[in-house]
Amino acid sequence: MNVNIELSASKSNVLCEILKKLKLFTDSFVLMISNERLYIQGMDSSHIIIFDLYLSSEWFEKLETNNDQNFEFGVHSTLLAKILNVKSDSQTLRIYNEENNIDKLGIDFINGGSKDYDKFFEMPLMDIDNELLEIPQTDYDTSIIIESKNFKKIIDDFNGLEFQNIQIKCSENKITFKSESSNGNMELNVIDSQIYSYEVLENEEITNSFNLSFIGKMCQFKISKYLSIQQSDNIPIEIKYLLNPNEETSENSDNNDEGGIEKLTNNWFKFYLAPCVDDDYN
């Protein structure tokens, strides 16, 4: 056995949600697996969005590789999504690769309810050139931690009016989302009770504009209660889903902040998106 991964039902649902919806961004990606972590990094087809998934070994029921090796598996995102769509919510997920079958990845859905059938798949692998991007550590000027469903509602409201871009402005006293077009303007203010935490540099006002369609794609994941939004002027925004290492991972769970948000930052699914230039805002 080269690789053997096992997850609980709730963790399986989170990972499947991420893997299924990666087809919104790319036709293929590489699963990188070691005894320490499962990792995915890639770009969307337009080479504008970077996505980055990190799940440490503590997140899994079992995460084993042969001789402590690092393995890379190139997968077709649409094919993988079709396979994962037949998993029921109560089933656990197993992902494995046999030493004598290195061109295929095994995927099992097992241990479900009395009405569920155990299902076993072998998916052909792809040869993909995989060059990781070096993403520098950044001390952002502003950081917002908000419930992911609330952020999605904000973005959906703007998308519903078919704006092209969205401006995010952060000052000491206010967080404002704003869009403008020839058909009208919209502004939305976020109050303290609607966020978990908020930090901004003293006496600073951070303002960037982003493509609304791309931000909307990033909001399609029901995988965690909280996400963080970090930005500085004129550099890519970071939108990070904070994934709970504990058993309960639902976005609606009241237990996701048990032990503090800091505990959630060891496992994440995040995006980077460069701001629009000023001429693109209106």
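Starting from residues that are charged (D, E, K, R), open to solvent by less than 70 Å² (accessible area, probe 1.4 Å) and in contact (Cβ under 8 Å) with a residue 40 or more places away in the chain, keep the ones in region 92-118 and report whichever is nearest to LYS240 (Cα to Cα). Step through it out loud before you land on a result.
First, pick out the residues of region 92-118 that are charged (D, E, K, R): 94, 98-99, 103-104, 108, 115-116, 118.
Filter once more, so that each one left must be open to solvent by less than 70 Å² (accessible area, probe 1.4 Å): 94, 98, 108, 116.
From the residues that got through so far, the ones that are in contact (Cβ under 8 Å) with a residue 40 or more places away in the chain too are 94, 98.
Values: ARG94: 26, GLU98: 33 Å.
If we take residues in region 92-118 being charged (D, E, K, R), open to solvent by less than 70 Å² (accessible area, probe 1.4 Å) and in contact (Cβ under 8 Å) with a residue 40 or more places away in the chain, then ARG94 is nearest to LYS240 (Cα to Cα).
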Every residue in region 57-80 that is in contact (Cβ under 8 Å) with a residue 24 or more places away in the chain and either β-branched (Val, Ile, Thr) or part of a helix (DSSP H, G or I) (or both), please. GLU58, TRP59, THR65, ASN66, ASP68, VAL75, SER77, THR78, LEU79, LEU80
Flagged in region 1-24 as under 11 Å from ARG94 (Cβ atoms) and open to solvent by less than 10 Å² (accessible area, probe 1.4 Å), in numbering order, are VAL3, ILE5, LEU7, SER12
Residues (hydroxyl-bearing (Ser, Thr, Tyr), within 15 Å of VAL14 (Cβ to Cβ) and outside any strand (DSSP E or B)) located in region 89-120: SER90
Of the residues in region 31-70, how many are hydrophobic (A, V, I, L, M, F, W, C), within 25 Å of ILE102 (Cβ to Cβ) and open to solvent by 10 Å² or more (accessible area, probe 1.4 Å)? 2
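Of everything in region 239-282, what is under 13 Å from ILE168 (Cβ atoms), open to solvent by 10 Å² or more (accessible area, probe 1.4 Å) and either in contact with a helix residue (DSSP H, G or I) (Cβ under 7 Å, 6 or more places away or on another chain) or at pLDDT 50 or above (or both)? Give them in sequence order.
Quick first cut of region 239-282, residues under 13 Å from ILE168 (Cβ atoms) only: 239, 273, 275-276, 281.
Imposing the further condition that a residue be open to solvent by 10 Å² or more (accessible area, probe 1.4 Å) reduces the set to 275-276, 281.
Within region 239-282, PRO275, CYS276 qualify.
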Whichever residue in region 186-200 is of a type outside the set (Val, Ile, Thr) and outside any strand (DSSP E or B) and, among such residues, is surrounded by the fewest Cβ atoms within 10 Å (Cβ to Cβ): SER193
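Can you confirm whether region 171-186 contains a residue that is of a type outside the set (Val, Ile, Thr) and under 30 Å from TRP59 (Cα atoms)?
Residues of region 171-186 that are of a type outside the set (Val, Ile, Thr), as a first pass: 171-174, 177-186.
Then keep just the ones that are under 30 Å from TRP59 (Cα atoms); that gives none.
No - not one qualifying residue is present in region 171-186.
The rows are residues; the columns are (1) touching a residue at least 60 places away in the same chain (Cβ under 8 Å); (2) among the small types (Gly, Ala, Ser); (3) more than 19 Å from ILE50 (Cβ to Cβ); (4) buried (at least 21 other Cβ atoms within 10 Å of the Cβ).
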position: LYS149; (1), (2), (3), (4): yes, no, yes, no
position: CYS170; (1), (2), (3), (4): yes, no, yes, yes
position: GLY184; (1), (2), (3), (4): no, yes, yes, no
position: GLU202; (1), (2), (3), (4): no, no, yes, no
position: MET218; (1), (2), (3), (4): yes, no, no, yes
position: SER228; (1), (2), (3), (4): yes, yes, no, yes
Options ASP89, ASP27: the member that is within 25 Å of CYS219 (Cα to Cα), under 18 Å from the mean Cα position of the chain (by Cα) and open to solvent by 50 Å² or more (accessible area, probe 1.4 Å): ASP27
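Given the criterion among the hydrophobic types (A, V, I, L, M, F, W, C) and within 21 Å of LEU84 (Cβ to Cβ), identify the matching residue among ILE145, ILE107, ILE135, ILE102. Full working, then the answer.
Values: ILE145 fails: within 21 Å of LEU84 (Cβ to Cβ); ILE135 fails: within 21 Å of LEU84 (Cβ to Cβ); ILE102 fails: within 21 Å of LEU84 (Cβ to Cβ).
Sole residue among the options that is among the hydrophobic types (A, V, I, L, M, F, W, C) and within 21 Å of LEU84 (Cβ to Cβ): ILE107.
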Would you confirm, using the coordinates I've provided, whether ASP157 is surrounded by 13 or more Cβ atoms within 10 Å (Cβ to Cβ), free of Cβ contacts under 8 Å to residues at least 60 places away in the same chain and part of a helix (DSSP H, G or I)? yes
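Filter region 1-28 down to residues that are of a type in the set (A, V, I, L, M, F, W, C), farther than 18 Å from ILE102 by Cβ and touching a strand residue (DSSP E or B) at 6+ places or on another chain (Cβ under 9 Å), then give me how many there are.
Keep residues of region 1-28 that are of a type in the set (A, V, I, L, M, F, W, C), which gives 1, 3, 5, 7, 9, 14-16, 18-19, 22, 24-25.
Subsequent filtering for residues that are farther than 18 Å from ILE102 by Cβ retains 7, 9, 14-16, 18-19, 22, 24-25.
From what is left, the residues that are touching a strand residue (DSSP E or B) at 6+ places or on another chain (Cβ under 9 Å) are 7, 9, 14-16, 18-19, 22, 25.
Matching residues across region 1-28 total 9.
Do we have any residue at all in region 119-133 that's of a type in the set (Phe, Trp, Tyr) and open to solvent by less than 50 Å² (accessible area, probe 1.4 Å)? Steps first, please.
Of all residues in region 119-133, those of a type in the set (Phe, Trp, Tyr) come to 120-121.
Pick out the ones that are also open to solvent by less than 50 Å² (accessible area, probe 1.4 Å) and you get none.
There is no residue in region 119-133 that is of a type in the set (Phe, Trp, Tyr) and open to solvent by less than 50 Å² (accessible area, probe 1.4 Å).
The values are calculated or read from the model by the stated rules, or taken from the named source; none is laboratory data. From a predicted model like this one, the values you see are computed outputs, not experimental measurements. A quick note on method: Cβ atoms are made from the backbone with ideal geometry, for glycine too, and the neighbour counts reach across all protein chains shown. Surface areas here come from the heavy atoms of the whole protein model, side chains and all, with no ligands, DNA or RNA. Shrake-Rupley method; radii C 1.70, N 1.55, O 1.52, S 1.80 Å.
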